[in-house]
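Working notes for the structure below.
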Amino acid sequence: MVLTLVLSIFVSLIFLCDKLYHQLTAKLPPGPWPWPVIGNIVDITPVRFRCFAEWAQVYGPIFSFYVGSRLNVVVNNAELAKEVLKDNDQNLANRFRTKPLNIMSKNGVDLIWADYGPHYVKVRKLCNLELFTPKRLEALRPIREDEVTAMIENIFKDCTKHGNVSKILMLRSYLGSVAFNNITRLAFGKRFMNSEGEVDEQGEELKAIVTNGIKIGGKLSLGEFVPWLRWVFKDDDEALEAQVRRLDKFTRTMMEEYTLARKKTGETKQHFVDALFTLQKEYDLSDDTVIGLLSDMIAAGTDTVAITVEWAMAELVKNPRVQQKVQEELNRVFGSDCTVNESDISKLSYLQHVVKESLRLHPPTPLMLPHMAGNNAKVGGYNIPKGSIVHVNVWALGRDSRIWKDPLQFWPERYMKEDVDMKGHDYRLLPFGSGRRVCPGTNLAINLVTSMLAHLLHHFVWSLPIGVEVEDIDMMESPGTVTYMQTPLHVVPTPRLPLHLYTHVE
Ligand code: HEM
């Protein structure tokens, strides 16, 4: 007993001396003192970007901490974000894959989890030159319009149906359907939901695969970071392999269905599975890469879009002045006897400021996705050793009072004075990241989010249920890599256009 105690104290002392030596000689960013073996894992509170913003007040805008023995660095202001994403773009462009992520991405043969290198450059080029081109985005416009119109029709049906006396709706379920249908039609050319909103068996399977994948991928297991503790914190290898098998089976079925359909009609379409098949030889893509790319799009493009619109709607319900101003603009551009069409959305400059303002305060991936140093780098005068995980706290950037006047106020007018880019060129506002790993779906996402908001606000006035005050809206985020509102938004829509504009005309 005494021997064990002495031994533990001895090991802890060695660990602390080693860390102290490293901190002083390696010139690492300052940060909380790590516990032996586990590092700071127990100090991190669940909503990590809020925890990191608080730590930045104590340790400064760049700080470091340990998860097990793995060094993590967090930057919390625009100048440092630029150093990470521009000056050190290539050095810090790898990804850290936990064991589950490594297995699910088959050693990073997809895009999201690929390290920076020849494979990454190849698939990224494919995305930029083939999948996310303005031409393809335009060709996929009818899908977006179709889904957004169906959402309006469903909301109208539900809020005017007899049994619904209170008229209260949980907006998230409608937003989730648009995002899901849009992305499955874009990726696979297939809709898994019928007009009643019922998801078929294949669609349920896809949803389960994505949810399970995000759950497994987001887990922080100590065994991951302290190799000799792996026998204690065992991963559930069987569950992992089952997940991989499910995803493979699902995607292969989609690919077979697609091949059959193409043989029958001989037609090519604009969706991604079609493009990937056509380009598979030219780009020398393995089947695993095709599967990986398709599942990346579903994982990255569904929740993020629904989350963005839910937060924006919460702000618009909290700020009726802004909501009314958007509706005046919609009336000016489309009139009050006409629906919105996407080709004129560029004329809605105030609504575009609203989207920007919402993404400033509520970026759906507040810490972006973690980068990993592929080489030693220097940021803020500190050393970032190869292998460190680097996080950019985009949420803190958007609330930096040195940069934003009244940062917590939802005030879209701020962009009338100075238009701030949000696609990765201005380091004050980085909801889509920046540099070589910037989100390839940026334009698609902005189009869809703006179109969803334009339709929601043109067709309905949105208010809170009777008895609920603005202060009662819970503006806290849920923990996780993507941050939904902790409490789903419940709102009351009141139609504001002539009734014939609420039914879908084929
Ligand atoms: C409002 C919606 C969206 C937001 C805020 C968003 C944001 C982001 C961010 C912050 C990153 C990480 C950048 C980095 O690591 O430096 C990312 C990566 C990515 N996003 Fe998006 N995204 C959105 C929608 C979409 C959509 C609709 C798609 C595709 C259909 C998509 C596909 C991807 C992919 C494939 C990556 C990985 C890129 C890479 O590692 O090179 N995203 N996104």
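Read-outs throughout are calculated quantities, based only on the coordinates presented, and are distinct from any laboratory measurement. Please read all numbers here as calculations on a predicted model, not as lab measurements. Neighbour counts are summed over all protein chains in view; Cβ atoms, including those assigned to glycine, are modelled from backbone coordinates with ideal geometry.
Placing R0 at 22 angstrom, the Cβ-Cβ distance between residue 128 and residue 376 gives a FRET efficiency of 0.15 after rounding to 0.05. Annotation: amide H of residue 67 within the under-5 Å range of 40, 72, sequence separation 5 or more or interchain, hydrogens built in the peptide plane. The share of Cα pairs per 20 Å bin across the chain, counted from zero up to the longest distance, runs 21, 53, 23, 2, 0 percent.
Report, in deg cm²/dmol and to the nearest 500, the calculated mean residue ellipticity at 222 nm for the chain, where each DSSP H run with n ≥ 4 adds -39500 (n - 2.57) and the sum is divided by the residue count.
On the way: 19 runs with 244 residues, N = 506.
Theoretical 222 nm ellipticity from helices: -15000 deg cm²/dmol.
Residues whose amide H falls under 5 Å from that of residue 94, counting only those 5 or more places apart or on a different chain, are 116, 372, 374, with hydrogens built in the peptide plane.
Coupling constants for segment 280-287 follow from the phi torsions by the Karplus curve (6.51 cos²θ - 1.76 cosθ + 1.60, θ = phi - 60°), and in residue order they are 3, 6, 4, 9, 6, 9, 6, 4 Hz; glycine and proline get x. Taking segment 471-506 and a reference point 7 angstrom along Cα→Cβ of residue 463, the backbone N atoms nearer than 16 Å belong to 471, 490-497. Taking amide H as placed 1.01 Å from N in the peptide plane, residue 379 has its amide H under 5 Å from the amide H of 384, each at least 5 places away in sequence or on another chain. Note on residue 200/residue 139: beta-carbon distance plugged into 1/(1 + (r/R0)^6) with R0 of 30 Å gives a FRET efficiency of 0.70. A simple rule links phi to the HN-Hα coupling: the Karplus curve 6.51 cos²θ - 1.76 cosθ + 1.60 with θ = phi - 60°, which for segment 108-125 gives x, 8, 8, 10, 4, 9, 6, 6, 6, x, x, 5, 4, 4, 5, 6, 5, 4 Hz, with x for Gly and Pro.
Quick one: grab the alpha carbon gyration tensor of segment 58-121, order the square roots of its eigenvalues as a ≥ b ≥ c, and give me rounded if a/c is under 1.5, else prolate or oblate depending on whether a/b is larger than b/c. Walk me through the intermediate numbers first.
Values: a/c = 3.36, a/b = 1.47, b/c = 2.28.
Here segment 58-121 falls in the oblate category.
Working ranking of peptides 459-465, 412-418 by packing, defined as the average number of other Cβ atoms within 10 Å per residue, highest first, is 459-465, 412-418.
In this simple spin-label approximation, residue 442 and residue 102 carry label points 7 Å from Cα along the Cα→Cβ vector, and these lie 3.2 nm apart.
For the peptides 52-63, 384-395, the ranking by mean Cβ contacts within 10 Å, running from highest to lowest, is 384-395, 52-63. Rounded to whole numbers, the Karplus 3J(HN,Hα) couplings from phi for segment 187-201 are 7, 10, x, 9, 10, 9, 10, 8, 5, 7, x, 8, 8, 7, 4 Hz, using 6.51 cos²θ - 1.76 cosθ + 1.60 with θ = phi - 60°, and x at Gly and Pro.
Evaluated at q = 0.16, 0.18, 0.24 Å⁻¹, a Debye calculation over the C-alpha positions of segment 346-399 (equal weights, vacuum) places log10 I(q)/I(0) at -0.63, -0.70, -0.90. Between 0 and 90 degrees, the angle of helix 303-318 with respect to the longest Cα principal axis of the chain falls at about 70 degrees. Seen against the Cα atoms of the chain and their longest principal axis, helix 141-160 is set at about 70 degrees.
Convex hull volume of the C-alpha atoms in segment 21-101, normalised per residue: 124 Å³.
Can you quote the Å³ per residue value for the convex hull of the Cα atoms in segment 118-200, rounded to an integer?
Hull volume normalised by residue count: 108 Å³.
For the cross-link pairs 135/190; 82/125; 122/264; 135/263; 281/423, which exceed 28 Å when the distance is taken from alpha carbon to alpha carbon? Don't jump to the answer; show the numbers that get you there.
Details: 135/190 20 Å; 82/125 23 Å; 122/264 31 Å; 135/263 25 Å; 281/423 32 Å.
Over 28 Å Cα-Cα: 122/264; 281/423.
Each 10 Å bin from 0 upward holds the following percent of the Cα-Cα pairs of segment 380-469: 12, 30, 34, 17, 5, 2. Once both axes come from the Cα atoms, what is the angle between helix 320-334 and the longest principal axis of the chain, in degrees from 0 to 90, rounded to 10? The two axes meet at around 50 degrees.
Extension gain, residue 90 to residue 490, is 139.6 nm, computed as 0.36 nm per intervening residue step minus the present C-alpha separation.
Filter the GluC sites (Glu not before Pro) in segment 116-220 down to the DSSP loop ones having no more than 12 other Cβ atoms within 10 Å, then list what survives.
Working: sites: 130, 138, 145, 147, 153, 196, 198, 201, 204, 205; in loops: 196, 198.
Those that pass, being in a loop and sparsely packed, are 196, 198.
If the viscosity is 0.692 mPa s and the temperature 37 °C, what Stokes-Einstein diffusion coefficient in µm²/s follows for segment 353-506 when Rh is the Kirkwood radius over Cα pairs?
Values: Rh = 18.3 Å.
Roughly 179 µm²/s, to the nearest whole number.
Projecting label points 7 angstrom from Cα along Cα→Cβ for residue 58 and residue 262 puts them 5.5 nm apart. With both labels modelled 7 Å from their Cα along Cα-to-Cβ, the residue 283 to residue 405 distance reads 4.5 nm. For residue 99, a cut-off of 22 angstrom between C-alpha atoms picks up these lysines, skipping any fewer than 8 places away in its own chain: 215, 219, 234, 249, 386.
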